[in-house]
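A short worksheet on the structure shown next.
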Amino acid sequence: MKILVVEDEHRIVQSIKKGLELEKMIVDIAYDGISGFDQATSEEYDLIILDLMLPGMSGWEICSQLRKNKNETPILILTARGQVEEKIEGFNRGADDYLVKPFAFEELVARIRALTRRPKKIVEELLKVEDLTLNKDSFEVKRNHKNIKLSNKEFTLLEFLMRHPGQILSKTQIINHVWNYETDILPNTVEVYIRNLRNKIDKDFSYSLIQTIRGFGYKIGKNV
C-alpha cells in the first residue's frame, strides 16, 4: 500500500512515516501544499493523509482540486482543527475521513485500513492467485499452505503484483508504486527483487507464478 502524507510539521511526519513503514506501507512525504498537490497528481497512491494548514496551498484547496480533476484517491484529513463545521466543510470538499490531532497511531492505522477497503476500489484483506495467498493485515504469505517469509519490500512488491493478476506491469509502474518518490533506483533493481521473489514463491513448486514478459514487464498468474 502506498501512502502520501502532506503535512508541514516535520516531527509528526517522521513519526507517521516510521510507524506506517512498520505496517509495511510505502510512504511519500510533502511538507507544503504545492509539492503535495504535484505529487498527488503525478503519482498513484492508495490514500492521501492531508493537513489543512499548509504553506503554498491549503489542504482545502488540494482536496477540492483533486476531486475537480476526477482524482478519487481516498483522502484522510489530519488536523488540529476539529470543529464540526470544519469537518462538514472537509466532507463537502471531497474528504473521506477526518482525524483530529493529537491522535492515537493505532486509530490512524485503523482508519487507513477502513478507507482502503471501501468501494470504489475495494482492497481485500486476503489476496489470492492460484495457490498463492497474501494477507495484507497479518502479513502472512502462503503457497499451497506453505508459509513464505518475505522482506518488507518483497511483500510490497508481491502485493502490487497480486492486486493486478494477469496484468503486465512495466518496471516503471512497479518502481512508482513500490518505491518512495524520492528513491533513486535503477530498472535492474526491479529485476533483483523479482528474482528474489521467484526464489521464494516459485522455486519449490511445479510451475512458476511470476512471469517475465520480455520487453514489457512482469505479471503474476499461471502461464497457460
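Here are a few things to note about the model shown:
- Those residues of region 179-220 which are in contact (Cβ under 8 Å) with a residue 40 or more places away in the chain, touching a Lys or Arg at 6+ places or on another chain (Cβ under 7 Å) and under 14 Å from E154 (Cα atoms), in sequence order: Y193, I201, I210
- Among (1) more than 26 Å from N135 (Cβ to Cβ); (2) touching a residue at least 24 places away in the same chain (Cβ under 8 Å), the one test that F91 misses: (2)
- Residue within region 93-105 that is of a type in the set (A, V, I, L, M), out of contact with any helix residue (DSSP H, G or I) (no Cβ under 8 Å at 6 or more places or on another chain) and under 21 Å from N152 (Cα atoms) present: no
- In region 15-133, counting only strands (runs of 3 or more DSSP E) that sit wholly within it, the ones holding 3 or more residues that are buried (at least 21 other Cβ atoms within 10 Å of the Cβ) and within 20 Å of the chain's Cα centre (by Cα) span 26-30, 47-50, 75-79.
- V190 vs. criteria at pLDDT 90 or above and assigned to a helix (DSSP H, G or I): yes
- Residue in region 136-144 that is at pLDDT 90 or above, over 22 Å from S206 (Cα atoms) and of a type outside the set (A, V, I, L, M) present: no
- Near pairs, Cβ below 9 angstrom, 6+ apart or cross-chain, from region 1-23 (over 24 Å from F139 (Cα atoms) and in contact (Cβ under 8 Å) with a residue 24 or more places away in the chain) to any residue that is of a type in the set (S, T, Y) and loosely packed, with under 14 Cβ neighbours inside 10 Å: none
- Residues in region 32-61 that are touching a strand residue (DSSP E or B) at 6+ places or on another chain (Cβ under 9 Å), touching a residue at least 40 places away in the same chain (Cβ under 8 Å) and either over 15 Å from L76 (Cα atoms) or not aromatic (F, W, Y) (or both): Q39, E43, E44, D46, L47, I48, I49, L50, D51, M53, L54, G59.
- Reported count of residues in region 4-31, each being out of contact with any strand residue (DSSP E or B) (no Cβ under 7 Å at 6 or more places or on another chain) and not charged (D, E, K, R), is 7.
- Of all residues in region 134-150, those that are of a type outside the set (A, V, I, L, M, F, W, C), in a loop (DSSP other than H, G, I, E, B) and in contact (Cβ under 8 Å) with a residue 24 or more places away in the chain total 4.
The values are calculated or read from the model by the stated rules, or taken from the named source; none is laboratory data. The shown structure was predicted, so the numbers you read here are calculated from the model rather than taken from an experiment. Quick reminder, even Gly has a Cβ in these numbers, built from the backbone with ideal geometry, and neighbours come from all protein chains shown.
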